[in-house]
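Engineer: Submitted below is the structure of interest, expressed as structure tokens.
The values are calculated or read from the model by the stated rules, or taken from the named source; none is laboratory data. Just so you know, these numbers come straight off a predicted model, no measurement behind them. Glycine gets a Cβ as well: all are built from the backbone with ideal geometry, and neighbour counts include every protein chain shown.
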Amino acid sequence: MTGRPYRPEPFAAAVTGIGLVTAAGTGAEATWRAVCEASAAPSVPHRPELHDLPCDFMYTITGLDPRALLGVAAARLMDRFSQLAVIAAREAVADAGLDPSVWDAGRVAVVIGSAHGGLPFYDEQHTTLIERGARRVSPKLAPLTVVNGAASSVATDLGALGPSQAVSTACSSGTVAIGTAHQMLRTGACDIVVAGGAESVCSRLLIASACQLKAVSTRRDDPEAACRPFDVHRDGFVVGEGAGLLVLERPEHARARGAAVRALVAGYGAASDAYSAVAPDPEGLGIERALRFALADAGVDARDIGHVNAHGTSTVSNDLIEATVLRRVLGEHPLVTSTKAMTGHTLGAAGGIETALTVLALQHRLVPPTVNLDAPDPEIPIDVVSKEARPGTFDAAVKTSLGFGGHNAALVLTRA
Amino acid sequence: MSTAEEINTLLVANFGTDPLAIRPEVSLRHLRLDSLALEELRLLIEDRMGVDLDDVQLTSRDTVGQLVDAVHRKAAA
């Protein structure tokens, strides 16, 4: 292994609030219940705008009306990924028992990951440009489609006056955002960070590219069975939309206000493959370094990790390489799951959503099942929970994420 | 539908403007229409009413009445 992690004093950030908006459910509790109790994926609808593509389906959030929830005036200034972020942020802040009207706003930061920002609107407006000319292009394109749109929308909605920023490292963006928040709290730059990821990419342009790349499942006849992490018949990921945000606090700040602490973010590690634009390092050396750095940062022994919420995208190469690394670093004892068959692969939001689910797994000492894992790949050398949720006695857990471009990240979380 | 009614409808539906606040003497700034909103409104009016407002100067200091008059003149031209 190359590289040594920067090792400042140990620091554990308190997780005092979580907010989730996913295809599995609106709200943290609804999503948690769905991922633990489901024996099958939620409905994964065919999308008319994708009708002629090899993959024409996508995990979609239904029954959510952002204009009603946020108000027409506010909602019109946000692309959908930003709307989802604000809805999740409001839930997380309320869950933390924080009142934005009285907090020290200058000490509140926002860090939100997204891979593609407002790509669907970009896609739509590009069609407008081609078909109707430049004079019909919306002036909102430039300010709303930027990747930092979610961070600025959340900061505006909450009145958070500390630093706010986007993190964009493809599919590890949400995890890197939480790791960045951990570092900001450690340095004392702020007392509270609202951090995680948000994504909504129902874009014909993007899905066409993903199809050309052969990265997505083409199981058009059975979309609910298409995302099947660690299954021998997996054939690619299935895109989903969603947002997952955490409220992280300096532990003394949480203590001083008597906040209930759900769990601790004890360590963070990140490392690059420096290998390929799309493929992970064949030996998984990047995610291995990230994971070892996170363990060292947390001061947690690999033997004490009882649960992993894996990246588990349902692509042939990711699942095999990631599982091999998990076995190599952690051994065979952790209860591993991928919750993507319930949420879809939400790209830049995935790390935020799955870290929130890892927090809940630690709290409940319960590991959600990997839905659609009917025939475990015999090459996968780890204990993947399937069929039904499995209880455990673990006190520490890991969240791993890998992103296009070789961006690997890992978090170590512990029980409060 | 009159020009004023068309603009009222667009403001309420797209900007969440309180219909009771939309009066001829009220400034667009008072309705919380900033420069971005004004350019968005310009496109919406053009699409809905089939007029070209490209050479119409719009600022937040203008009133609802001035906007209606400007659009009305273009529509009648």
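Engineer: Any residue in region A:30-51 that's not assigned by TED's automatic domain parsing to the domain that holds A:T337 and among the acidic types (D, E): show its pairings with residues that are surrounded by 15 or more Cβ atoms within 10 Å (Cβ to Cβ) and part of a helix (DSSP H, G or I) at Cβ separation under 8 Å, as long as the two are six or more apart or on different chains.
Structural biologist: What qualifies is A:E49/A:R204.
Engineer: Give me the pairs, please: first residue somewhere in region A:134-160 and within 30 Å of A:V247 (Cβ to Cβ), second residue anywhere and aromatic (F, W, Y), beta-carbon distance under 8 Å, and either six or more positions apart or on two chains.
Structural biologist: The qualifying pairs are A:K140/A:F121; A:L144/A:F121; A:T145/A:F121; A:T145/A:Y122; A:G149/A:F81; A:A150/A:F81.
Engineer: Related question: Just give me the residues in region A:170-224 being part of a strand (DSSP E or B) and under 16 Å from A:F81 (Cα atoms), in sequence order.
Structural biologist: Answer for region A:170-224, where residues must be part of a strand (DSSP E or B) and under 16 Å from A:F81 (Cα atoms): A:C171, A:V194, A:A195, A:G196, A:G197, A:A198, A:E199.
Engineer: Follow-up. For region A:213-228, indicate whether the set of residues that are more than 14 Å from A:S314 (Cα to Cα), assigned by TED's automatic domain parsing to the domain that holds A:A150, at pLDDT below 95 and not basic (K, R) is non-empty.
Structural biologist: yes
Engineer: Looking at A:T127, A:T169, which one is without any contact (Cβ under 8 Å) to a residue 12 or more places away in the chain and away from chain B (no Cβ under 14 Å)?
Structural biologist: One residue alone meets the criteria, A:T127.
Engineer: Let me ask something else. Just one of A:R90, A:R80 is basic (K, R), at pLDDT 95 or above and closer than 30 Å to A:N372 by Cβ; which is it?
Structural biologist: Answer to the check: A:R80.
One line per residue, one yes/no per condition, for (1) under 29 Å from A:R80 (Cα atoms); (2) part of a loop (DSSP other than H, G, I, E, B); (3) of a type in the set (A, V, I, L, M, F, W, C):
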position: A:A349; (1), (2), (3): yes, no, yes
position: A:G352; (1), (2), (3): yes, no, no
position: A:T358; (1), (2), (3): yes, no, no
position: A:L373; (1), (2), (3): no, yes, yes
position: A:F394; (1), (2), (3): no, yes, yes
position: A:L402; (1), (2), (3): yes, no, yes
position: A:G405; (1), (2), (3): yes, yes, no
position: A:N408; (1), (2), (3): yes, no, no
position: A:V412; (1), (2), (3): no, no, yes
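Engineer: Okay, moving on. Can you say whether A:L53 is farther than 21 Å from A:M342 by Cα and either part of a loop (DSSP other than H, G, I, E, B) or within 23 Å of the chain's Cα centre (by Cα) (or both), as far as the supplied structure shows?
Structural biologist: It is true that A:L53 is farther than 21 Å from A:M342 by Cα and either part of a loop (DSSP other than H, G, I, E, B) or within 23 Å of the chain's Cα centre (by Cα) (or both).
Engineer: Which numbered condition trips up A:I18, out of (1) surrounded by 17 or more Cβ atoms within 10 Å (Cβ to Cβ); (2) at positive phi?
Structural biologist: (2)
Engineer: Give region A:142-159 a look and list any residue that's within 14 Å of chain B (Cβ to nearest Cβ) and not small (G, A, S), or say none.
Structural biologist: A:P143, A:L144, A:T145, A:V146, A:T156
Engineer: If a residue must be surrounded by fewer than 13 Cβ atoms within 10 Å (Cβ to Cβ) and within 14 Å of chain B (Cβ to nearest Cβ), how many such residues does region A:130-141 contain? Lay out the reasoning, then the answer.
Structural biologist: Narrowing region A:130-141 to residues surrounded by fewer than 13 Cβ atoms within 10 Å (Cβ to Cβ): A:130-135.
So of that shortlist, the ones also within 14 Å of chain B (Cβ to nearest Cβ) come out as A:131-135.
So the count comes out to 5.
Engineer: Residues in region B:42-77 that are of a type in the set (D, E, K, R), more than 11 Å from B:E6 (Cβ to Cβ), touching a residue at least 12 places away in the same chain (Cβ under 8 Å) and touching a helix residue (DSSP H, G or I) at 6+ places or on another chain (Cβ under 9 Å): how many?
Structural biologist: Within region B:42-77, residues that are of a type in the set (D, E, K, R), more than 11 Å from B:E6 (Cβ to Cβ), touching a residue at least 12 places away in the same chain (Cβ under 8 Å) and touching a helix residue (DSSP H, G or I) at 6+ places or on another chain (Cβ under 9 Å) number 3.
Engineer: Taking B:V26 as the residue in question, decide whether it is crowded, with 18+ Cβ neighbours inside 10 Å and at pLDDT 95 or above. Lay out the reasoning, then the answer.
Structural biologist: On the way: crowded, with 18+ Cβ neighbours inside 10 Å: no; at pLDDT 95 or above: yes.
For B:V26, the condition - crowded, with 18+ Cβ neighbours inside 10 Å and at pLDDT 95 or above - is not met.
Engineer: Sticking with this structure for a sec: Could you tell me whether region A:278-301 includes any residue that is among the hydrophobic types (A, V, I, L, M, F, W, C) and at pLDDT below 95?
Structural biologist: Yes, some residue in region A:278-301 is among the hydrophobic types (A, V, I, L, M, F, W, C) and at pLDDT below 95.
Engineer: Another question, if that's okay. Filter region A:296-312 for residues that are touching a residue at least 40 places away in the same chain (Cβ under 8 Å) and surrounded by fewer than 24 Cβ atoms within 10 Å (Cβ to Cβ); which is farthest from A:D235 (Cα to Cα)?
Structural biologist: A:G299
Engineer: Now, a different point. Give region B:13-24 a look and list any residue that's at the interface with chain A (Cβ under 8 Å from one of its Cβ atoms) and among the aliphatic types (A, V, I, L, M), or say none. Before you say what the answer is, go through the steps one by one.
Structural biologist: Going through region B:13-24, the residues at the interface with chain A (Cβ under 8 Å from one of its Cβ atoms) turn out to be B:13-17.
Answer for region B:13-24, where residues must be at the interface with chain A (Cβ under 8 Å from one of its Cβ atoms) and among the aliphatic types (A, V, I, L, M): just B:A13.
Engineer: Same structure, new question: In region A:57-100, which residues are more than 17 Å from A:S138 (Cβ to Cβ), more than 14 Å from chain B (Cβ to nearest Cβ) and not hydrophobic (A, V, I, L, M, F, W, C)?
Structural biologist: A:Y59, A:T60, A:T62, A:G63, A:R90, A:E91, A:D95, A:G97, A:D99, A:P100, listed by residue number.
Engineer: Now a separate question. If we only count helices (runs of 4 or more DSSP H) wholly inside region A:60-107, which ones have 3 or more residues that are under 16 Å from A:G17 (Cβ atoms) and touching a residue at least 60 places away in the same chain (Cβ under 8 Å)?
Structural biologist: A:80-95
Engineer: Is region A:214-236 home to any residue that is over 22 Å from A:Y59 (Cα atoms) and either crowded, with 24+ Cβ neighbours inside 10 Å or in contact with a Cys (Cβ under 7 Å, 6 or more places away or on another chain) (or both)?
Structural biologist: No: zero hits.
Engineer: If the requirement is being more than 14 Å from chain A (Cβ to nearest Cβ) and of a type in the set (A, V, I, L, M, F, W, C), which of these qualifies: B:L36, B:L53, B:L67?
Structural biologist: B:L67 is the lone residue from the list that is more than 14 Å from chain A (Cβ to nearest Cβ) and of a type in the set (A, V, I, L, M, F, W, C).
Engineer: Which residues, counting only those in region A:33-56, are surrounded by fewer than 22 Cβ atoms within 10 Å (Cβ to Cβ) and either touching a Cys at 6+ places or on another chain (Cβ under 6 Å) or within 14 Å of chain B (Cβ to nearest Cβ) (or both)?
Structural biologist: A:L53, A:P54
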